[in-house]
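The values are calculated or read from the model by the stated rules, or taken from the named source; none is laboratory data. Computed from a prediction, not measured in an experiment: that's the story for all the values here. Reconstructed Cβ throughout: ideal geometry from the backbone, glycine too, with neighbour counts over all protein chains shown.
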Amino acid sequence: MKKVKELKKWIELYNEVQGAAEELQLAYDYVKEEILTEEEVDQLYAKAIQLIEDLEFRNMLRDEADQMSCVLKINSGAGGTESQDWASMLMRMYMRWAETNGYKISVANYQEGDEAGIKTVTINVEGDYAYGYLKSENGVHRLVRVSPYNAQGKRMTSFASVFVTPLVDDTIEVKIDAAAISWDTFRSGGAGGQNVNKVESGVRLRYQFKDPYTGEEEEILIENTETRDQPKNRENAMRQLRSILYDKELQHRMAEQAKIEAGKKKIEWGSQIRSYVFDDRRVKDHRTNYQTSDVNAVMDGKIDGFIKAYLMEFAGTENTER
């Protein structure tokens, strides 16, 4: 049923484009007969072009993981209060984007900063193609501004890292070694009433991961304080673990493909991808060179221009062997 629904959507979009093209052709004939004005034809032309561009854009999201929901994690970089404030600004930006686009959001883990902002936050963004759109945000985000936390009013540079992984559902098979899992419980901090502070509802999952390709070992640490129900938090933590393990496999595939595709060198997850320069009123993506002077709109979640520029330039080169 999921496959049928997806194919039906493609057919509907194609029919919509075809209808707009036919309507434009008729309008062209009508303007010669002075039934329609040139302005009306221009409007129909703009509509047809927009529908075609939207369809091309959707075609950039054709990988298996693109259709999934996602887990978005933000970590503040070195720099104390300033970088923690920057991380909270990014959190607000992504939450505003998700709300505007009709996605369901829930905070799985949240750690406040020492004085302001946040040290780290993990957000589940649920809905169709959430990962496909937000995978463009993977990497380090750089802020340049006159810091309100600096007594001398100096211009400061701060960094925060964003990690986006697919939120794996039950249709994806991920192998988890039960013997490699250990659990801790702790009391959730922050607002939420007496129960959330007194009961050890927060869970901490540790997973000893061994890379099947390189043999390297690492500990995956996941904390979940999403609900007051410990079993539910355990379930959510396992769901995040499945997503992380799936993403590791996905990154391996992409790394293998990158060895073949010379053009892929330009895309490196974890590198500085975008600069937000408040004083100069400029936000620039270093991978696509797309930029805008409307800094306030970007921080209010209007990042579709950056997402589209990334997907139109790079998405077609990902996993082309499919």
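Of note:
- Filtered by the rule that a residue be modelled with pLDDT under 65 and either of a type in the set (Val, Ile, Thr) or not in a helix (DSSP H, G or I) (or both), the stretch 238-270 gives 260, 261, 267, 268, 269, 270.
- Test: residue 11 is touching a residue at least 12 places away in the same chain (Cβ under 8 Å), surrounded by fewer than 18 Cβ atoms within 10 Å (Cβ to Cβ), assigned to a helix (DSSP H, G or I) and of a type in the set (Val, Ile, Thr): no
- Subset of the stretch 73-104 [within 26 Å of residue 148 (Cβ to Cβ) and of a type in the set (A, V, I, L, M, F, W, C)]: 74, 78, 86, 87, 89, 90, 91, 93, 95, 97
Residue-by-condition table, conditions (1) free of Cβ contacts under 8 Å to residues at least 12 places away in the same chain; (2) crowded, with 20+ Cβ neighbours inside 10 Å:
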residue	(1), (2)
121	no, yes
124	no, yes
143	no, yes
154	yes, no
163	no, no
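- Selection within the stretch 101-137: residues that are over 14 Å from the mean Cα position of the chain (by Cα) and closer than 22 Å to residue 296 by Cβ. The member of this set that is modelled with the lowest pLDDT is 116.
- Search result, residues across the stretch 276-322 that are small (Gly, Ala, Ser) and at pLDDT 95 or above: 293, 297, 301
- Within the stretch 281-303, the set of residues being surrounded by fewer than 15 Cβ atoms within 10 Å (Cβ to Cβ) and either of a type in the set (S, T, N, Q) or in contact (Cβ under 8 Å) with a residue 40 or more places away in the chain (or both) comprises 289, 293, 296, 300.
The rows are residues; the columns are (1) within 27 Å of the chain's Cα centre (by Cα); (2) part of a helix (DSSP H, G or I); (3) hydrophobic (A, V, I, L, M, F, W, C); (4) exposed (fewer than 13 other Cβ atoms within 10 Å of the Cβ).
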residue: 5; (1), (2), (3), (4): yes, yes, no, yes
residue: 17; (1), (2), (3), (4): no, yes, yes, no
residue: 62; (1), (2), (3), (4): yes, no, no, no
residue: 71; (1), (2), (3), (4): yes, no, yes, no
residue: 82; (1), (2), (3), (4): yes, yes, no, no
residue: 87; (1), (2), (3), (4): yes, yes, yes, no
residue: 90; (1), (2), (3), (4): yes, yes, yes, no
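- Of the strands (runs of 3 or more DSSP E) lying entirely inside the stretch 100-169, the ones with 2 or more residues being of a type outside the set (A, V, I, L, M, F, W, C) and over 30 Å from residue 187 (Cα atoms) are found at 139-146, 155-167.
- Contacts under 7 angstrom Cβ, first residue in the stretch 50-74 being under 13 Å from residue 6 (Cα atoms), partner aromatic (Phe, Trp, Tyr), 6 or more apart: 61/129; 66/129; 66/131; 67/129; 68/131
- The residues in the stretch 276-309 that are of a type in the set (A, V, I, L, M, F, W, C), in contact with a helix residue (DSSP H, G or I) (Cβ under 9 Å, 6 or more places away or on another chain) and not in a strand (DSSP E or B) can be counted, and the count is 7.
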